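Below you'll find the structure, written out as structure tokens, and then a few comments.
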Amino acid sequence: MLYWKGGGASMNIQQMQYYREVCRWQNITRAAQELHIAQPTLSLAMQAIEQETGLNLFRHAGRNIRMTAEGEILYRQVERMLRQFARFESGIKTLARRHSCLQLALPAQLGTLILPLLLGEFRRQHPDIQLEITEPSALEALDMVEKEEADLAIVHDGDIRSGLTSRSLASWPVCLCLRRDHPWAGRASVTLAEAASLPLVMLGHNSMVTRKLLERFQLDHLQPEILHFSMHLSTIWNLVEKQVAAGIVTGHAILAHSGLCTVPIEGLQQCSYLFTKTGRQIHPDQKCLMQFIRNAFSSQQIAG
């Protein structure tokens, strides 16, 4: 509760608001109606103010009351304090409602999925919300949120960290990326052993899908020929297009009208999560962005 102190006495904000209404209407019943409280409650509040201040604030005139000279002086001071408090409260609400810029960490694979919506539809719907989007690896994205260098991150299969809060978004198959004229292009799925029989190009070592695949290769005693690791999807697409290697990506990580396709690898799925820093206040702009992302992932807009 906020207080105003003067001359050794004190009034909290609620008492000041009650006192102002009584002074405005000079009628306890009418003031109580405006404040939506019971008349006896307001009468007791006025008595408490007189006792706490040691001042005679009102004279009774029938059903109405009149302010004393002391009451008028206090009324002017209360009005001034309440205007200052209103400005203070408005400033706090503005700070909570509008932060200068939201920092989003978005690894490349997920960027192909959500970035067009963020820079298109979200900006049109919320032109006052500024976004600064970086495209680190998944591990770097989590580090950025943990160090408060980003407000939130979207990653695949993020590490469980005590300082971060995760919210599930969606899941997709891990896929072999091939040219559309490849003999396997029309298949419903391939085994991990079949994928390992081809020369491969994969995302960088800090990518969650690459870490998962390398663990599975080792577990299944497979020794694939991995020609190159790259954090750039365009590099992987180019090498697949040039028939240098097959790629391994998440199912949604190719452009719809490219000459490439994806074939799910049996038994491999990857989930996506939205991460924020645990214990940090989530302000309205950030809530708005998070809801947009969750709606986009749950809708058909970005079906894999």
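Would a scan of segment 99-114 turn up a residue that is in contact with a strand residue (DSSP E or B) (Cβ under 8 Å, 6 or more places away or on another chain) and over 23 Å from TYR273 (Cα atoms)? No - not one qualifying residue is present in segment 99-114. Among the residues making up segment 118-142, those that are buried (at least 18 other Cβ atoms within 10 Å of the Cβ) and assigned to a helix (DSSP H, G or I) are LEU118, PHE122, ALA138, LEU139, GLU140, ALA141, LEU142. Looking at VAL145, VAL155, just one residue is at negative phi, part of a helix (DSSP H, G or I), surrounded by 17 or more Cβ atoms within 10 Å (Cβ to Cβ) and β-branched (Val, Ile, Thr), and that residue is VAL145. Of all the listed residues (SER197, SER189), the sole one being farther than 18 Å from GLY251 by Cβ and either more than 27 Å from the chain's Cα centre (by Cα) or buried (at least 17 other Cβ atoms within 10 Å of the Cβ) (or both) is SER197. Tell me the residue from SER207, SER166, SER230, SER162 that is touching a Phe, Trp or Tyr at 6+ places or on another chain (Cβ under 6 Å) and within 18 Å of LEU139 (Cβ to Cβ), please. The conditions single out SER166.
Every residue, every condition in (1) under 30 Å from ASP220 (Cα atoms); (2) touching a Pro at 6+ places or on another chain (Cβ under 8 Å), yes or no:
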residue: TRP237; (1), (2): yes, no
residue: VAL240; (1), (2): yes, no
residue: SER258; (1), (2): no, no
residue: LEU268; (1), (2): yes, yes
residue: TYR273; (1), (2): yes, no
residue: LYS277; (1), (2): no, no
residue: CYS288; (1), (2): no, no
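Can you find a residue in segment 74-91 that is more than 18 Å from SER10 (Cβ to Cβ) and either among the aromatic types (Phe, Trp, Tyr) or assigned to a strand (DSSP E or B) (or both)? No, every residue in segment 74-91 fails to be more than 18 Å from SER10 (Cβ to Cβ) and either among the aromatic types (Phe, Trp, Tyr) or assigned to a strand (DSSP E or B) (or both). Determine if segment 158-178 includes at least one residue that is outside any strand (DSSP E or B), in contact (Cβ under 8 Å) with a residue 40 or more places away in the chain, surrounded by 18 or more Cβ atoms within 10 Å (Cβ to Cβ) and in the same structural domain as SER230 (by TED's automatic domain parsing). The answer is yes, given that some residue of segment 158-178 is outside any strand (DSSP E or B), in contact (Cβ under 8 Å) with a residue 40 or more places away in the chain, surrounded by 18 or more Cβ atoms within 10 Å (Cβ to Cβ) and in the same structural domain as SER230 (by TED's automatic domain parsing).
Across segment 12-37, the qualifying residues are those that are polar (S, T, N, Q) and assigned to a helix (DSSP H, G or I), and the one among them that is surrounded by the most Cβ atoms within 10 Å (Cβ to Cβ) is GLN15. Here HIS60 meets the list (1) surrounded by 12 or more Cβ atoms within 10 Å (Cβ to Cβ); (2) part of a strand (DSSP E or B) almost entirely, failing just condition (1).
One residue stands out among those in segment 243-300 that are of a type in the set (A, V, I, L, M) and free of Cβ contacts under 8 Å to residues at least 40 places away in the same chain: the one that is nearest to ALA153 (Cα to Cα), which is ILE282. Just give me the residues in segment 179-228 being in contact with a Leu (Cβ under 7 Å, 6 or more places away or on another chain), polar (S, T, N, Q), within 19 Å of VAL244 (Cβ to Cβ) and in a loop (DSSP other than H, G, I, E, B), in sequence order. Result: no residue meets the conditions.
Selection of segment 234-276 for residues being part of a helix (DSSP H, G or I) and buried (at least 20 other Cβ atoms within 10 Å of the Cβ) yields ILE236, TRP237, LEU239, VAL240.
The values are calculated or read from the model by the stated rules, or taken from the named source; none is laboratory data. Keep in mind it's a predicted model, so treat the numbers as computed, not measured. Cβ sites come from the backbone with ideal geometry, for glycine too, and all protein chains shown count toward neighbours.
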